[in-house]
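Below: one structure, written as structure tokens.
The values are calculated or read from the model by the stated rules, or taken from the named source; none is laboratory data. Predicted model, so just to flag it, every value in this text is computed and none were measured. Glycine also receives a Cβ, built like all others from the backbone with ideal geometry; neighbour counts cover every protein chain displayed. To get the accessible areas, we keep the full protein, side chains included, count just its heavy atoms, and leave off ligands, DNA and RNA. Shrake-Rupley method; radii C 1.70, N 1.55, O 1.52, S 1.80 Å.
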Amino acid sequence: MDVLTIVYLTYSFVSFYFLFFYLLIYIPHRKEFHSIPKPERVYSLSIVVPCYNEEDDIGGTIEALLKSDYKGLKKIIIVDDCSKDNSWKIIQDYAKKYEKVMGVQTPKNSGKASGAKNYGAKYAHTELIGFTDGDSYPEQNAISNMIGFFNNPKVGAVASSVFVKRRNTFLEKIQSIEYKMIAFARKLLGYVDAIYVTPGPLAVYRKDAFDKIGGFDEKNMTEDIEITWAFVKAGYKAEMSYESIVYSVAPDKIKPWLKQRIRWNIGGIQTISKYKQYFGSNRVGMLGKFILPYFIFNWVLGVCGFLILLYRLARTVFIKYLATTYSLQTQTALVTFRDINLTPSILFFFGVASIAMNFVIVSIALTRAKREDKYMGPGIPSILFYFFVYILFYPIILFTSIYKFFRGKYTW
């Protein structure tokens with residue numbers, strides 16, 4: 001057996017492991033997927049909204065928060081990070097109009113959402129503290145659906161389901177599929193205490209736990225990943241409320257999309273680098289035993305799969321080129337009937353089986369999201385493009401991110 005076959009079989013085994021892992025978690029929990037624990041009491045809550053050049057969306061975000069049906073929401077703290085557009089004026093207008101809205105401005109631009117978040121957290125004096133991005137729109141019951149998880153004193157953080165708000169361009173429609181897949185996978189990981197991110201568009205934390213871990217790491221490009229790992233390391237649990245829907249504005253053009261995804265990956269690398277010493281450790285619970293290995297193995301899977309695909313394509317093209325050149329020069333037939341082999345190889349079988357299982361998981365995720373998503377779902381062409389084209393860009397972005405990380409050439 002050649003080396004490539006061994007690598008391919010190993011890759012297939014690990015891929016099937018993760019696919020079966022998702023299905024084995026989903027099947028016994030499918031009936032409770034949308035369940036919400038009822039709050040035992042009303043917890044006081046402040047929501048902090050970082051804002052930088054969000055004049056088109058910040059008003060809508062504030063309006064969405066004001067419509068929240070959670071009675072414990074005491075303060076909406078909007079933090080303008082020295083915007084260059086009309087954001088600060090809009091914030092001030094809302095602060096004058098609504099007693100619940102507080103507008104504050106950082107002394108100087110922090111350059112990252114984490115800086116504005118930490119600055120706004122100083123003004124929060126409630127049992128819980130939540131964060132919403134300046135271009136995100138929580139549904140009316142989104143926050144109230146998250147609070148019941150804090151009945152458990154071990155829960156330090158609760159995540160939401162993030163869906164794409166505007167779906168005018170093809171890129172936005174593709175991302176709407178991606179976001180639903182992420183929400184589905186995050187909920188599944190919650191059943192094994194392995195949630196690794198509480199997303200920026202909407203997350204709620206226990207305030208004393210937030211203060212204990214020191215708030216957000218302002219050096220990290222993805223503070224929502226890092227703070228979740230910090231909570232788990234400190235002994236707290238992270239939960240997810242699938243019923244808590246927040247609509248966020250996704251990039252509608254390739255350049256900002258690429259910049260965002262590279263930032264996400266660099267932040268992930270930073271987080272792995274910060275916590276790498278806990279890999280496999282029992283001292284930090286699921287962070288060492290599952291979250292770190294899961295995070296790393298998923299990246300390795302993506303990279304290996306991409307490299308195998310590149311190799312096989314390059315090898316096929318090269319062999320076809322040599323065969324065609326030889327055939328033309330020697331006037332020999334390129335293919336004869338006895339050369340045709342219709343017996344499928346085991347590698348082909350694994351490939352088809354993997355695609356079929358992935359389709360099953362994508363179908364389940366999109367079906368589940370139909371109940372929550374108020375916008376029209378993606379069409380078949382978008383789903384096929386996502387499955388066969390879009391996800392192939394993941395490894396390319398990861399390679400780019402690794403290169404930028406080691407060069408130290410990255411900004412928010």
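What the table below lists for this structure:
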{"item": "Any pair with Cβ under 6 angstrom, 6 or more apart, that starts in the range 290-316 at a residue that is more than 20 Å from Tyr275 (Cα to Cα) and part of a helix (DSSP H, G or I) and ends at one that is open to solvent by 80 Å² or more (accessible area, probe 1.4 Å) and at pLDDT 85 or above", "result": "Gly302/Tyr394"}
{"item": "Candidate set from the range 98-111 (those that are part of a loop (DSSP other than H, G, I, E, B) and of a type outside the set (Ser, Thr, Tyr)); member that is nearest to Leu65 (Cα to Cα)", "result": "Lys100"}
{"item": "Among (1) over 20 Å from Ala159 (Cα atoms); (2) of a type in the set (A, V, I, L, M); (3) exposed (fewer than 14 other Cβ atoms within 10 Å of the Cβ) - the single one Val42 does not satisfy", "result": "(1)"}
{"item": "The range 280-302, subset farther than 18 Å from Gly190 by Cα and either at pLDDT 95 or above or surrounded by 15 or more Cβ atoms within 10 Å (Cβ to Cβ) (or both), residue nearest to the chain's Cα centre (by Cα)", "result": "Trp299"}
{"item": "In the range 237-279, the residues that are open to solvent by 20 Å² or more (accessible area, probe 1.4 Å) and either touching a strand residue (DSSP E or B) at 6+ places or on another chain (Cβ under 8 Å) or of a type in the set (S, T, N, Q) (or both)", "result": "Lys237, Glu239, Glu243, Val249, Gln260, Asn265, Gln270, Ser273, Gln277"}
{"item": "Any hit, the range 198-213, residues being within 24 Å of Leu392 (Cα to Cα) and open to solvent by less than 30 Å² (accessible area, probe 1.4 Å)", "result": "yes"}
{"item": "Unmet requirement for Thr106, which otherwise passes all of (1) without any contact (Cβ under 8 Å) to a residue 60 or more places away in the chain; (2) surrounded by fewer than 14 Cβ atoms within 10 Å (Cβ to Cβ); (3) touching a helix residue (DSSP H, G or I) at 6+ places or on another chain (Cβ under 8 Å)", "result": "(2)"}
{"item": "Subset of the range 58-97 (residues that are under 21 Å from Phe216 (Cβ atoms) and assigned to a loop (DSSP other than H, G, I, E, B))", "result": "Asp81, Cys82, Ser83"}
{"item": "Lone unmet requirement of (1) touching a Ser or Thr at 6+ places or on another chain (Cβ under 7 Å); (2) small (Gly, Ala, Ser); (3) open to solvent by 20 Å² or more (accessible area, probe 1.4 Å) for Ala95", "result": "(1)"}
{"item": "Within the range 129-166, tally of residues that are closer than 18 Å to Asp373 by Cβ and open to solvent by 40 Å² or more (accessible area, probe 1.4 Å)", "result": "5"}
{"item": "Per-region count, the range 1-43, residues part of a helix (DSSP H, G or I), of a type outside the set (Ser, Thr, Tyr) and at pLDDT 85 or above", "result": "11"}
{"item": "Matching strands (runs of 3 or more DSSP E) fully within the range 112-224 where at least 2 residues are farther than 19 Å from Ser244 by Cβ and either in contact (Cβ under 8 Å) with a residue 24 or more places away in the chain or among the hydrophobic types (A, V, I, L, M, F, W, C) (or both)", "result": "none"}
